[in-house]
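One structure below.
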Amino acid sequence: MFKIQEIREIIKLVDSSSIDEFVYEVDGAKVKLKKNGVVTETVAPKNEVVAPVVQQSAPAAAPVAPATSAPAKAEEAPAAAPTNNDSSLHKIVSPMVGTFYQSPNPDSPAYVKVGDKVGNETIVCIVEAMKLFNEIEAEVQGEIVEVLVKDGELVEYGQPLFLVKAE
């Protein structure tokens, strides 16, 4: 079975390469990636559940979410990001399309807030995709400067979620 980190790395490699389609199969688990807005599918052996990963955000979001809400949400995030367009800040981005949650459940405090120190493996949020809750790690050491997404908001692949002042 693939780990989310492995899928992220595969997506980064395919995205930075010139290939348009990639298929990888190991022990009955299969990852298939296509560029240019086509949804990526992951097939697992029987009795296992896997979250789909989307390669490009805008074209793939329309079939997944209601057409009226997805484009509006996608346009709001890029407008917010340039306010702190400091090159020294690291962006923690969403590895998939899904719903952003700041805490493990509604009664719990947020994983992180502005001013919190984070390490490479600090969980900063959850992105839910098809009833699977994926913990997102900071992957950088530093201090949270800004939370760019509201709790319960839909996020796209590659959308910035947090700005971190790296140490």
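The values are calculated or read from the model by the stated rules, or taken from the named source; none is laboratory data. Model, not experiment: these values are computed from the prediction. FYI the Cβ positions are ideal-geometry reconstructions off the backbone, even for glycines, and counts take in every protein chain you see. What goes into the accessible areas is simple: the full protein's heavy atoms, side chains included, and nothing from ligands, DNA or RNA. Shrake-Rupley method; radii C 1.70, N 1.55, O 1.52, S 1.80 Å.
With a/c under 1.5 counting as rounded, go ahead and sort region 89-166 into rounded, prolate or oblate using the C-alpha gyration tensor (a ≥ b ≥ c being the square roots of the eigenvalues; past the cut-off, prolate if a/b is larger than b/c, else oblate).
Taking the square roots of the gyration eigenvalues as a ≥ b ≥ c, region 89-166 is prolate.
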Q: Order the following by accessible area, largest value first: 114, 26, 124. Probe radius 1.4 Å; ligands, DNA and RNA are ignored.
A: 114, 26, 124
Q) In this model, which of 35/117; 12/91; 113/165; 30/131; 35/165; 3/91 are farther than 24 Å apart at the alpha-carbon? A) 35/117; 35/165
Q. Measuring from label point to label point, each 7 Å out along Cα→Cβ, what is the residue 103 to residue 21 span in nm?
A. 4.6
Q: Roll a 1.4 angstrom probe over the protein heavy atoms and tell me the percent of accessible area of region 89-166 that is carbon or sulfur.
A: 51
